[in-house]
Structures are given as structure tokens and as C-alpha cells.
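Working notes for the structure below.
The values are calculated or read from the model by the stated rules, or taken from the named source; none is laboratory data. On a predicted model such as this, the values are computed, not experimentally measured, just so you know. Every residue, glycine among them, receives a Cβ derived from its backbone with ideal geometry; neighbour counts consider all protein chains shown.
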Amino acid sequence: MIKQLGTTLVGALSLTMLVACNQTAVNETATEPSTGPRIGFITEPNKPQKTAETGNAAHTSRNSLDWSGTYRGVLPCADCPGIDIVISLWPDNRYSFQRRYKSKSTDIITTTGSVTWNADGNSISVADDGTTTQFKVAENQLIMLDQTGNQITGPLADHYKLTKVAEATLRETYWKLTELMGKPVAKTRNEAHMILKANEDDKSALTGRVNGSSGCNRMTGGYELKEPNRIHFTQMAGTMMACIDGMELEHEFLDVLGKVDSYVVTGTTLHLNRARMAPLAKFEAVYLY
């Protein structure tokens with residue numbers, strides 16, 4: 001009898017301990033913080049999610065193509081022979097949008113700003129004259145899209161493609177003066193600019209003629225190049241017309257041309273320098289003139 005009672009007590013005690021242990025395990029499981037996703041959210045751990053900001057990081061026009069540069073084309077026009085278009089894109093997402101209506105005006109309309117990339121990183125939007133225009137970014141091309149973001153089809157489809165042009169070169173480029181002695185150049189009736197012409201008899205020669213406008217009068221003269229990136233303007237002369245505006249600019253411009261001794265061309269920008277001083281003059285390449 002005593003032996004049977006002892007066995008019963010041992011069994012009851014063992015059952016009680018087993019229940020207590022199981023309860024403790026349940027409590028520990030219930031109170032342990034969860035490191036997994038919360039219920040209601042289905043995610044793949046440790047995998048970055050695609051967002052409008054990053055797009056598909058695997059392969060996009062934005063991260064796979066050399067898209068910075070200058071693109072040119074002629075878009076169809078309802079009441080003129082065509083619209084000359086030049087778009088320049090910089091790596092920091094700045095852009096310049098130039099257009100001119102053929103046979104209607106010689107004015108060049110220029111818009112500048114920052115491009116907006118779409119979520120997939122394959123097309124951009126630029127603002128122009130109060131409207132937004134979209135372009136698909138392709139290999140050495142910008143393809144204009146319709147208002148719904150789709151590629152234009154039909155017989156004129158190829159006319160909506162802009163082709164990337166070679167980077168501006170020191171010679172044979174229309175250089176528009178934009179800054180002088182660190183200050184922006186005000187618009188004048190005669191745009192201050194210069195074109196360095198290659199020697200007609202020997203294109204490889206390091207000397208040639210320079211033509212342009214000093215802001216009031218037409219100017220002409222010579223230049224000489226030396227390695228590395230050295231330049232010297234010689235015998236600069238101009239017409240003697242009096243202008244309501246541009247006379248002060250003309251004096252400063254010609255004075256700077258007499259001082260500079262080196263140049264730097266970066267993309268569509270030309271800087272004229274003297275020794276280690278800050279650039280004395282800054283120019284932007286103009287493809288429509």
C-alpha cells in the first residue's frame with residue numbers, strides 16, 4: 001500500500017513538473033521579440049525594394065549609358081519647315097534646351113533646369129516654354145515621346161529622334177560669352193561671341209583667325225596655340241560703330257582677350273584663363289546660329 005502511494009505521488013509530481021516546463025516554454029516563446037516581418041506584410045528579407053528614386057538598379061539607361069552630352073535634331077513643324085532642337089545634358093542632371101523655328105525667326109529660345117528621370121530610369125522629362133517634354137534615353141539618342149509617354153510611330157517617327165553630337169572643340173565652334181571677370185554678361189543687341197577658325201591652308205596649323213562680336217562691334221584678329229592648352233590672341237581689331245549698350249562690355253572683353261594665356265574646354269563650356277587666376281572669361285557653345 002505504501003509502495004503504491006509512493007509511486008502515485010512520484011507520478012503526480014513528474015506530471016506537474018512537465019506541465020510547468022511546457023508552460024514556461026510557451027511563455028518564453030510568447031514573450032520573445034520577433035525579428036521577422038509583422039503579420040500582414042509580405043517582404044523578402046535583406047532584399048532592397050524597388051523605388052521610384054532608385055528604379056531598377058540592375059540595368060537602366062541612367063546607370064548603363066553615357067547619356068551626358070549634346071543632342072541635335074529637327075522636329076516636324078505644322079507651319080514651318082522644321083524646329084531646330086539642341087539639348088545638352090550634364091552629369092549633375094542639369095540641361096539646356098534650345099530651339100529655333102526655321103524660316104519664321106532667327107531667335108533662339110533657351111530653357112535651362114534639371115531633368116526628371118522616370119521610375120525605371122529609362123526616360124527623362126524637361127520643361128520647355130511652360131510645357132513638359134519627355135524623351136526616351138537610348139544609345140547616343142534622345143527619342144521624343146508623346147504626351148502619354150509612348151514612343152511616336154508612323155512615317156515621321158524618325159524625325160523625333162535627336163542624335164548625340166561630338167563634344168565642342170576649341171575651333172570651329174560658336175562660343176557665346178556668358179561670364180566676364182566672374183560676372184554674368186548682360187544681353188546686348190549684338191551678342192558677344194567668337195569663332196576660332198582653322199587655318200584654311202593647313203587645318204593642323206596652330207595659328208588661325210578669330211571672328212565674332214565684342215558686344216557692340218564686329219571683331220577680328222589672330223590666335224596662336226601652344227601645348228599644353230596655351231593660347232595667345234594677336235592683332236585684335238573691330239569696327240567703330242557706337243552702340244547704346246555693349247560699349248563697356250566691349251572694352252572689358254577686348255582687354256581680357258589681350259591678357260589670357262590658356263584655355264580649358266569641358267563639354268560645351270570654354271574657359272579662358274591667365275596663369276593660376278580664376279577664369280577671366282567663360283563661354284558656352286551654341287549650335288544654332
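Descriptive notes on the structure:
- Hits in segment 221-248 - residues which are acidic (Asp, Glu) and assigned to a loop (DSSP other than H, G, I, E, B): 227, 245
- Condition met for residue 172 (within 30 Å of residue 226 (Cα to Cα) and within 21 Å of the chain's Cα centre (by Cα)): no
- Filter pass, residue 284 being within 25 Å of residue 109 (Cα to Cα) and acidic (Asp, Glu): yes
- Residues of segment 164-188 satisfying the condition of being part of a strand (DSSP E or B) and surrounded by 11 or more Cβ atoms within 10 Å (Cβ to Cβ): 164, 165, 171, 174, 175, 176, 177, 178, 179, 180
- Tallying residues that are assigned to a loop (DSSP other than H, G, I, E, B) and either hydrophobic (A, V, I, L, M, F, W, C) or over 21 Å from residue 254 (Cβ atoms) (or both) within segment 266-288 yields 9.
- Top-ranked residue in segment 117-141 [being charged (D, E, K, R) and not in a strand (DSSP E or B); ranked as surrounded by the most Cβ atoms within 10 Å (Cβ to Cβ)]: 120
- Among the residues of segment 210-236, those identified as within 16 Å of residue 169 (Cα to Cα) and either surrounded by 15 or more Cβ atoms within 10 Å (Cβ to Cβ) or small (Gly, Ala, Ser) (or both) are 210, 223, 225, 231.
- Test: residue in segment 89-111 that is free of Cβ contacts under 8 Å to residues at least 60 places away in the same chain, farther than 24 Å from residue 285 by Cβ and surrounded by 13 or more Cβ atoms within 10 Å (Cβ to Cβ): no
- Which numbered condition residue 149 fails, given (1) modelled with pLDDT of 90 or more; (2) assigned to a strand (DSSP E or B): (2)
- Test: residue in segment 249-265 that is in contact (Cβ under 8 Å) with a residue 60 or more places away in the chain, within 22 Å of residue 181 (Cβ to Cβ), part of a strand (DSSP E or B) and among the β-branched types (Val, Ile, Thr): yes
- Among (1) surrounded by 16 or more Cβ atoms within 10 Å (Cβ to Cβ); (2) in contact with a Lys or Arg (Cβ under 9 Å, 6 or more places away or on another chain); (3) in contact (Cβ under 8 Å) with a residue 24 or more places away in the chain - the single one residue 271 does not satisfy: (3)
- Scanning segment 195-220 for residues that are in contact with a helix residue (DSSP H, G or I) (Cβ under 8 Å, 6 or more places away or on another chain) and part of a strand (DSSP E or B) turns up just one, 219.
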